[in-house]
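This report concerns only the one structure given below.
The values are calculated or read from the model by the stated rules, or taken from the named source; none is laboratory data. These numbers come from a predicted model, not from an experiment. All Cβ positions, even for glycine, are placed from backbone atoms using ideal geometry, and neighbour counts span all protein chains on display.
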């Protein structure tokens, strides 16, 4: 097998995304300079801008990189920037406008996002932002990520793994190897828990999964014969006991909810090579639930949080990075961790979240909402209210949609290689549970202040 490579290419948006700032250029008071600063704009904003008749807005905010060249250079001071209210309305406190627009850019270009102005925000926050990855090997050119000479593998196996192999006196293996599949990227594609997605969106994900050599977790109720050509890259999600009877014979990968775990033997009946994933919500007692599933031979457990990465409890919910650690190490303590594949989903909004979730104990992640953003979703959830989608997402061309998803995953793949190269690691499977490859804010605080004793006053 050759070196894994994701073929990206430029895929322009159907709707121009809003930028962070609007350009305000007054005409009154213009000095009529021979060399107007607008013509000298390094990004050609004033030449490219126009009026979008679909969204009924001027398009300069999309092209502007807010470098302030025109603002500072206009001798009459007629140009200014103001925050774009349309941009500020995107997403929410977790799926911020910055994350959404970054995903759009990656889906458009397939390139790693780079900020020439540097990062000016805080270096610690909540969730994934209180975790930093190890970069101690960043100066070694042979492991320099996407540019290095050493191959870095991002492939993982999905399925149950034997703890040991047995051989007879003739050195022939007598162990029964459980069915498993190798995917080239530690990411499975999925749909968000909300939304109304038409066949064009489903075909986009199925085509992208096939080209990326991964799996698309597709609702069984949406499957029909037109998807049979993608069956090797589909994990069909069964929601009810009655739906089990309609599973196509060709389906190799099936996902069931926790309340249908008693039906595993029915799902496997006549199809012993099927690989089954059980979907389990993060919540109280999830560690015991996962241990029971492993002991009962479940090959894959898909642990999911909400779209903000929180477990399904109202009072003090754990974040996904903490919850997956608890599950991972509870299985390690019982000596069964290597028998099962752990998938994790919820709150995976950036490439760094993928790597950090694997460091915390997952074998791979499941991504859904970020893929819809790649297809230009604004996360407004107007569709949930029965209102029309402002970007007509269900009217996309499936080839266009597939390439946008491929571009996004290509960018994430490159970023994973960069991080692993900086760690001096050449196999993503070794990254699983390697907490020594990360620094946690809580540990830094504990180490820094744990020995400081309070001095009482006299």
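Kindly evaluate residue 110 against the criterion of being surrounded by fewer than 16 Cβ atoms within 10 Å (Cβ to Cβ) and under 30 Å from residue 129 (Cα atoms).
Judged against the criteria, residue 110 is not a match.
Is at least one residue of segment 347-368 over 25 Å from residue 414 (Cβ atoms) and assigned to a loop (DSSP other than H, G, I, E, B)?
No; the residues of segment 347-368 include none that is over 25 Å from residue 414 (Cβ atoms) and assigned to a loop (DSSP other than H, G, I, E, B).
Within the bounds of segment 286-298, is there any residue that is buried (at least 24 other Cβ atoms within 10 Å of the Cβ) and assigned to a helix (DSSP H, G or I)?
Yes, because at least one residue in segment 286-298 is buried (at least 24 other Cβ atoms within 10 Å of the Cβ) and assigned to a helix (DSSP H, G or I).
Any idea which residue in segment 240-274 is surrounded by the most Cβ atoms within 10 Å (Cβ to Cβ), counting only those that are within 20 Å of residue 189 (Cα to Cα) and touching a residue at least 40 places away in the same chain (Cβ under 8 Å)?
Ranking the candidates gives 255 first.
For residue 52, which of the numbered conditions (1) surrounded by 15 or more Cβ atoms within 10 Å (Cβ to Cβ); (2) within 22 Å of residue 388 (Cβ to Cβ) fails to hold?
All conditions pass for residue 52, except number (1).
Go over the candidates 426, 432 one by one and state the one that is closer than 23 Å to residue 135 by Cβ and out of contact with any strand residue (DSSP E or B) (no Cβ under 8 Å at 6 or more places or on another chain).
432
Listed residues 378, 404; which is buried (at least 24 other Cβ atoms within 10 Å of the Cβ) and either under 21 Å from residue 17 (Cα atoms) or touching a helix residue (DSSP H, G or I) at 6+ places or on another chain (Cβ under 6 Å) (or both)?
It is 404.
Would it be correct to say that residue 210 is part of a helix (DSSP H, G or I) and either on the phi > 0 side of the Ramachandran plot or at pLDDT below 95 (or both)?
No, not satisfied.
Here's the yes/no breakdown for (1) in contact (Cβ under 8 Å) with a residue 40 or more places away in the chain; (2) in contact with a helix residue (DSSP H, G or I) (Cβ under 8 Å, 6 or more places away or on another chain); (3) under 22 Å from residue 105 (Cα atoms); (4) part of a loop (DSSP other than H, G, I, E, B):
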position	(1), (2), (3), (4)
3	yes, no, no, yes
27	yes, no, no, yes
33	yes, no, no, yes
37	yes, yes, no, yes
40	no, yes, no, yes
43	no, yes, yes, yes
62	yes, no, yes, no
71	no, no, no, no
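Of the conditions (1) at pLDDT below 95; (2) outside any loop (DSSP other than H, G, I, E, B); (3) touching a strand residue (DSSP E or B) at 6+ places or on another chain (Cβ under 9 Å), residue 193 fails just one. Which one is it?
(2)
For the condition farther than 29 Å from residue 323 by Cβ, in contact (Cβ under 8 Å) with a residue 40 or more places away in the chain and surrounded by 17 or more Cβ atoms within 10 Å (Cβ to Cβ), what is the one hit in 204, 277?
It is 204.
Name every residue in segment 55-72 that is over 33 Å from the mean Cα position of the chain (by Cα) and surrounded by 15 or more Cβ atoms within 10 Å (Cβ to Cβ), in order of residue number.
Residues satisfying the conditions are 69, 70, 71.
Considering every residue within segment 106-119, establish whether at least one is at pLDDT 95 or above, closer than 30 Å to residue 221 by Cβ, under 23 Å from the mean Cα position of the chain (by Cα) and assigned to a loop (DSSP other than H, G, I, E, B).
no
Determine whether segment 382-396 contains at least one residue that is surrounded by 19 or more Cβ atoms within 10 Å (Cβ to Cβ), within 20 Å of the chain's Cα centre (by Cα) and either at pLDDT 90 or above or outside any loop (DSSP other than H, G, I, E, B) (or both).
Yes; the residues of segment 382-396 include at least one that is surrounded by 19 or more Cβ atoms within 10 Å (Cβ to Cβ), within 20 Å of the chain's Cα centre (by Cα) and either at pLDDT 90 or above or outside any loop (DSSP other than H, G, I, E, B) (or both).
For residues that are in a loop (DSSP other than H, G, I, E, B) and farther than 20 Å from residue 299 by Cβ, tally how many sit in segment 159-175.
Counting residues in segment 159-175 that are in a loop (DSSP other than H, G, I, E, B) and farther than 20 Å from residue 299 by Cβ gives 6.
Somewhere in segment 84-96, is a residue within 30 Å of residue 5 (Cβ to Cβ), in a loop (DSSP other than H, G, I, E, B) and not assigned by TED's automatic domain parsing to the domain that holds residue 418?
There is at least one residue in segment 84-96 that is within 30 Å of residue 5 (Cβ to Cβ), in a loop (DSSP other than H, G, I, E, B) and not assigned by TED's automatic domain parsing to the domain that holds residue 418.
On the basis of being over 27 Å from residue 396 (Cβ atoms), in contact with a strand residue (DSSP E or B) (Cβ under 9 Å, 6 or more places away or on another chain) and crowded, with 16+ Cβ neighbours inside 10 Å, does residue 38 make the cut?
Judged against the criteria, residue 38 is a match.
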